[in-house]
Amino acid sequence: MRNVKVAIWGFGAMGSGMARMLLKKKGVEIVGVCDTRPNIAGREIHEILGMERRDHKAVIVQADSEKLFTERCCDVVLCATDSFTKSAFPKLKFCLEKKLNVISTAEEMSFPQAQNPELAAELDKIAKANGVSILGTGINPGLIMDLLVIIMTGCMVDVEHLEAKRVNSLSPFGPTVMHEQGVGFTVDAFEKAVKDGTMAGHVGFHESVGMIAKALGWKVDKFEQQMKPIVTKVDRKSPHGFAKAGDVAGVNMTGQGYVDGTVKIDMIHPQQIEPEMEGTFTGDYVTIKGTPPINLANKPEVEGGLGTIAMCVNMIPQIINATPGLKTMIDLPVPHAIMGDFRDQIQVELK
Ligand code: NAD
């Protein structure tokens, strides 16, 4: 069997990390990369990544997606450009119409049925018409605050209430994330941004709640979320962020999914730079009330960047093997690392 052919759309932190991971794996090759950033477009990916090329073909970053993504040019496109279904939609549609399977990092694409049911239905229709499939995944949403929670209910007879909590550090992230999460804002500026809807915070609670409810057979009749500033008592500094004492070091996000008028799903996600400076330690927690109860703790947190990169790469066989249409993490076989040859995991004929 020939190698599994992968193309990457968006060669930022996630896309370039996926390339780095893929280049070390067996039975898989990168056949194209698309990014419009002038400092990388036109350059060879191994040179950008500082990796030896060995027997891998040279891959030049192409700015023009129309030229790169031709019909059946690859088995799967890893699309790491967007957060929202609406903004990702034209790119995803374009790939599906070229008969290419797609894995998207867009947070809302993890369960687009939650906030964009019409676009989700359209993607499903286009994918089916072209005989390919599409999946949104990542660390969160995609695993920690949804699929992991769902998997743990597999050993439960009865579920009363679920709580997913991810305490993480924003220190490794760049300037965009600092701004989106309010790091360095005054409390007044933070409150104003929340009020006028410009504070991004974490994207994905609505999707995670929707995915959990769908899996358990619950209907969410109300969803709410809140963003509160994490005000620091000491000056905190990370490579790309600074919050002085009295200002905002991050955002404490909470969300609730109501079923039959009561909160059945709680999401808790405080994110800040240098949490340890005030005694907060990172971790991922799943607490489920029911029979038997679940108390899962992973300390420190799973690193978000590497986790997302791995989830997308490791789901490549599942999306290639899938029946056509829009898929979510609850529709496909479980994610797992691939230490052998990618081709051994492919159950369909590669055209
Ligand atoms: P990034 O800003 O580092 O990279 C995005 C890249 O996409 C940039 O290089 C940009 O030039 C390129 N790009 C954007 N639009 C393009 C277009 N039309 N054509 C070609 N290139 C284009 O961002 P990142 O950290 O790599 O993250 C990518 C997306 O994935 C973000 O929206 C992020 O929020 C999301 N994400 C999701 C998860 C999750 O857990 N689900 C985790 C990490 C990141």
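The values are calculated or read from the model by the stated rules, or taken from the named source; none is laboratory data. These numbers come from a predicted model, not from an experiment. Quick reminder, even Gly has a Cβ in these numbers, built from the backbone with ideal geometry, and neighbours come from all protein chains shown. Each accessible area value is taken on the protein alone, full model and side chains, heavy atoms only, with ligands, DNA and RNA left out. Shrake-Rupley method; radii C 1.70, N 1.55, O 1.52, S 1.80 Å.
Restricting the calculation to Cα atoms, every distinct pair contributes to the Kirkwood radius of the chain, found to be 21.1 Å.
Rolling a 1.4 angstrom probe over segment 147-301 with all protein chains present gives an accessible area of which 55% lies on carbon and sulfur atoms.
Per residue, the solvent-accessible area of segment 147-301 (1.4 Å probe, heavy atoms of protein chains only, all protein chains present) comes to 47 Å². The helix-based estimate of mean residue ellipticity at 222 nm for the chain, built from -39,500 (n - 2.57) per DSSP H run of four or more residues and divided by its residue count, is -7500 deg cm²/dmol to the nearest 500.
Multiplying the sequence separation of Thr262 and Asp196 by 0.36 nm and subtracting their Cα-Cα distance, what value in nm do you get?
Difference between extended and current length: 20.9 nm.
Going through segment 243-295, which trypsin sites (Lys or Arg not before Pro) have at most 15 other Cβ atoms within 10 Å and a DSSP loop state?
On the way: sites: Lys244, Lys264, Lys289; in loops: Lys244.
In loop regions of segment 243-295 (DSSP not H, G, I, E or B), the sparsely surrounded trypsin sites (Lys or Arg not before Pro) are Lys244.
Carbon and sulfur: what percent of segment 51-90's accessible surface (1.4 Å probe)? Roughly 47 percent, rounded to a whole number.
Round to a whole angstrom and tell me the spacing of the C-alpha centers of segment 64-139 and segment 276-351. Their Cα centres are 19 Å away from one another. Using alpha carbon centroids, what distance separates segment 200-237 and segment 152-172, in Å? Segment 200-237 and segment 152-172 have Cα centres separated by 12 Å.
Per residue, the average separation of C-alpha pairs within less than 8 Å and at least 6 apart gives the chain a relative contact order of 21 percent.
Beyond 31 Å in Cα-Cα separation lie the following of the pairs Lys125/Lys195; Lys165/Lys214; Lys26/Lys125: Lys125/Lys195; Lys26/Lys125. Over 18 Å between C-alpha atoms is what I'm after, so list which of Lys67/Lys99; Lys289/Lys327; Lys57/Lys99; Lys25/Lys57; Lys25/Lys93; Lys237/Lys299 land there. Flagged as over cut-off: Lys289/Lys327; Lys57/Lys99; Lys25/Lys93; Lys237/Lys299.
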